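To keep things clear, I will list the structure first and then write my remarks on it.
The values are calculated or read from the model by the stated rules, or taken from the named source; none is laboratory data. From a predicted model like this one, the values you see are computed outputs, not experimental measurements. Glycine also receives a Cβ, built like all others from the backbone with ideal geometry; neighbour counts cover every protein chain displayed.
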Amino acid sequence: MTKPTAGTLFGHPKGLFLLFGTEMWERFGYYGMRAILVLYLVASVQDGGFGWSSTEALSLYGFFTMSVYLTPVIGGWLADNYIGQRKAIIWGGIIFALGYFTLGIPKTMLAGMEETVFYIGLALIVTGNGLFKANVSSLVGDLYEDGDHRRDGAFTIFYMGINLGAFLAPLIVGYLGEEVNWHYGFIAAGCGMLIGLTLQLTLANKYLGDIGIEPSANRTKGEEKPHAPLTPQDMDRMKVILIMSMFSVIFWAGFEQAGGLFTIYASEFTDRDLMGFIVPASWFQSLNAMFIILLAPFVASTWVKMGSNEPTSPKKFALAMLFLSIGFFVMLWATMIQGGDVAVKVSMLFLVFAYLFHTLGELCLSPIGLSMVTKLAPLKFTSLLMGMWFFFTALSNWLAAFIGSFVGEGEEMVNNAGNIFMGVGVGALITGFIIYLSAGKLVQWMHGAEGEASHTLEGKLEEELEVTATHEAMPKNHS
């Protein structure tokens with residue numbers, strides 16, 4: 001495999017910034033579409049939506065996001081074994097864009113086939129996502145030789161692109177969807193995907209060389225080594241992966257209320273009047289990405305300053321659960337102010353602080369995720385355990401929608417929302433306490449892998465920004 005020779009920018013190969021732009025615009029499309037999806041479904045037919053109940057909308061949302069986290073397993077396998085990462089990205093981008101533009105077809109042109117076309121659009125997005133998502137990040141690692149000290153900094157830049165796209169998307173797509181026309185929002189998401197696709201089609205050969213063209217399986221044939229039998233240490237490490245994967249479901253099931261229940265709450269029960277401007281409900285979904293960009297350097301420097309007193313990965317996970325529960329207790333406070341009255345609107349600050357605490361929780365998850373699987377999994381079970389992590393991530397998205405669907409309709413929504421917020425908050429608090437008590441045994445079962453975390457500010461910053469990619473089931477290629 002020949003490395004590109006197009007020169008450098010800020011000390012990195014120019015191909016890194018091509019991948020940065022490609023991923024940023026792809027995430028712009030996805031997070032933009034996701035920001036308005038539930039709002040579009042529950043909007044009345046007169047307002048251009050489908051007029052679904054909150055339960056129906058959240059159930060569909062959960063099934064959709066669950067599928068989004070499962071298909072990269074198939075897309076990654078196809079790219080590795082048959083078509084290569086570059087073709088997977090191109091085909092994935094085309095199918096992605098077709099999905100967004102299918103959702104953007106005005107209902108007046110569909111003659112009674114509105115829901116059928118809508119489902120076709122979602123299926124195209126899920127398919128395109130499977131081909132695209134798992135493969136862009138793997139190209140970042142291939143830009144650098146083994147041992148290149150710039151690699152960690154490269155992923156820091158790359159993850160910033162993910163968060164920048166996630167920040168901008170609800171602001172632009174959300175505004176167009178809510179304030180102009182839902183279909184314009186979906187079309188804007190498709191245009192974002194087309195920009196990323198155009199960057200790949202026009203610049204990839206120049207700035208990426210032949211990286212990602214040949215399936216990786218062709219490059220590794222003959223390199224496989226016989227796998228030794230599992231040792232007791234391997235079994236212990238696999239137990240850690242299984243336990244932390246199951247606990248992660250609880251965290252993400254709470255965190256993912258952002259795209260469902262929190263968005264409905266923002267739309268129905270939040271006073272969004274800001275000096276005469278009505279803030280679109282979808283805009284609140286930008287807060288998570290904004291807080292990651294702003295707080296990741298602070299959190300990273302905090303861990304570095306703590307030195308040997310830095311909490312272990314399981315204790316950080318317990319802290320993440322604490323922050324998650326605080327966020328839900330903030331929302332519980334909001335419902336208590338409402339007192340069961342659906343006519344009462346609460347301050348936007350409740351949602352702002354809920355997103356703040358949830359983002360702090362997410363930033364405490366940096367040692368947990370795909371990086372944990374790559375560090376702990378026995379070689380012959382790495383793919384299997386990676387697939388298990390994807391499965392649990394998908395399960396958490398379905399569970400998030402299932403929990404949110406109990407919000408109900410009409411007068412009962414405020415009380416039901418309060419019960420959900422209290423239940424998830426208490427559940428997260430109890431889970432965090434259990435993890436904290438188990439931290440010593442979990443670290444013992446890691447058999448030294450816990451000590452492999454970075455101790456530099458640059459490395460820590462990469463870990464903090466990586467949480468978004470880890471949650472999105474985007475494995476980082478260290479090869």
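Before moving on, here are some points about what is shown:
- Verdict on Ser54 being surrounded by 22 or more Cβ atoms within 10 Å (Cβ to Cβ) and modelled with pLDDT of 90 or more: yes
- Restricting Phe247, Phe251, Phe298, Phe284 to residues that are part of a helix (DSSP H, G or I) and at pLDDT 95 or above narrows the list to Phe284.
- Scan of region 291-331 for residues that are among the basic types (Lys, Arg) and out of contact with any helix residue (DSSP H, G or I) (no Cβ under 8 Å at 6 or more places or on another chain), ordered by number: Lys305, Lys316
- Of all the numbered requirements in (1) free of Cβ contacts under 8 Å to residues at least 60 places away in the same chain; (2) crowded, with 24+ Cβ neighbours inside 10 Å, Leu78 misses one, and that requirement is (2).
- In region 150-201, the residues that are surrounded by fewer than 23 Cβ atoms within 10 Å (Cβ to Cβ) and among the charged types (D, E, K, R): Arg150, Arg151, Asp152, Glu179
- For region 265-323, filtered to residues that are over 25 Å from Met422 (Cβ atoms) and of a type in the set (Asp, Glu), the residue that is surrounded by the fewest Cβ atoms within 10 Å (Cβ to Cβ) is Asp273.
- Hits in region 326-376 - residues which are within 23 Å of the chain's Cα centre (by Cα) and of a type in the set (S, T, N, Q): Thr359, Ser366, Ser371, Thr374
- Selected residue (only one of Leu365, Leu319, Leu376, Leu384 is closer than 30 Å to Met235 by Cα and in contact with a Cys (Cβ under 6 Å, 6 or more places away or on another chain)): Leu319
- Check on Glu409, outside any helix (DSSP H, G or I) and within 23 Å of Arg34 (Cα to Cα): yes
- Residue count, region 74-88 (criterion: more than 23 Å from the chain's Cα centre (by Cα) and among the aromatic types (Phe, Trp, Tyr)): 1
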